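First the structure, in the form of structure tokens, and then the observations on it.
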Amino acid sequence: HITAVNVAMKDKMDLSMGVAIGSSTQVALFVVPFIIIVGWIVDKPMTLNFPHFEIILFVLSIVIVNIVLGNSKTNWLEGSLLITTYIMLAVGFWFENVVSFR
């Protein structure tokens with residue numbers, strides 16, 4: 001993400017967004033399943049069985065990012081929408097009721 005910020009400061013937003021979205025996709029497609037497999041190896045109870053609330057938050061964040069990326073111009077309202085989504089995710093995970101699967 002540091003590369004995305006550096007490129008954005010040089011006014012190359014297409015490359016910046018590509019780097020940011022690409023790194024997020026790499027984490028979602030590689031790191032999460034890898035951590036699950038490592039958890040199985042060290043006998044830690046990890047699954048990809050997410051609660052409904054988390055799935056709704058993830059889908060909401062995807063929709064909002066698509067809205068922001070849909071047009072070529074942004075304004076303060078779209079920035080505040082992204083920050084509000086981030087805060088909603090943080091609050092949602094802070095107050096989440098974790099259920100053990102064992």
Counting only helices (runs of 4 or more DSSP H) wholly inside the range 1-51, the ones holding at least 3 residues that are under 30 Å from Thr74 (Cα atoms), in contact (Cβ under 8 Å) with a residue 12 or more places away in the chain and open to solvent by less than 90 Å² (accessible area, probe 1.4 Å) are 2-9, 13-26
Which condition does Asn66 not pass, out of (1) in a helix (DSSP H, G or I); (2) more than 15 Å from Ser24 (Cβ to Cβ); (3) of a type outside the set (Asp, Glu), if it passes all the others?
(2)
When both residues are 6+ apart or on different chains and their Cβ atoms are under 9 Å apart, which pairs have a first residue that lies in the range 71-95 and is within 19 Å of Phe53 (Cα to Cα), and a second that is open to solvent by 100 Å² or more (accessible area, probe 1.4 Å) and not polar (S, T, N, Q)?
Gly92/Phe53; Gly92/Ile56
Which residues, taken from the range 52-83, are under 30 Å from Asp14 (Cβ atoms), open to solvent by 90 Å² or more (accessible area, probe 1.4 Å), at pLDDT 80 or above and not hydrophobic (A, V, I, L, M, F, W, C)?
Asn66
Looking at (1) among the aromatic types (Phe, Trp, Tyr); (2) within 19 Å of Met17 (Cα to Cα); (3) at pLDDT below 85; (4) surrounded by 11 or more Cβ atoms within 10 Å (Cβ to Cβ), which one does Tyr86 not meet, given that it meets all the others?
(3)
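Going through the range 89-102 one residue at a time, which ones are modelled with pLDDT of 80 or more and open to solvent by 90 Å² or more (accessible area, probe 1.4 Å)?
Answer for the range 89-102, where residues must be modelled with pLDDT of 80 or more and open to solvent by 90 Å² or more (accessible area, probe 1.4 Å): Trp94, Phe95.
The values are calculated or read from the model by the stated rules, or taken from the named source; none is laboratory data. Please read all numbers here as calculations on a predicted model, not as lab measurements. Backbone-built Cβ (ideal geometry, glycine too); neighbour counts: all protein chains shown. Note: areas computed on protein heavy atoms with side chains; ligands, DNA, RNA excluded. Shrake-Rupley method; radii C 1.70, N 1.55, O 1.52, S 1.80 Å.
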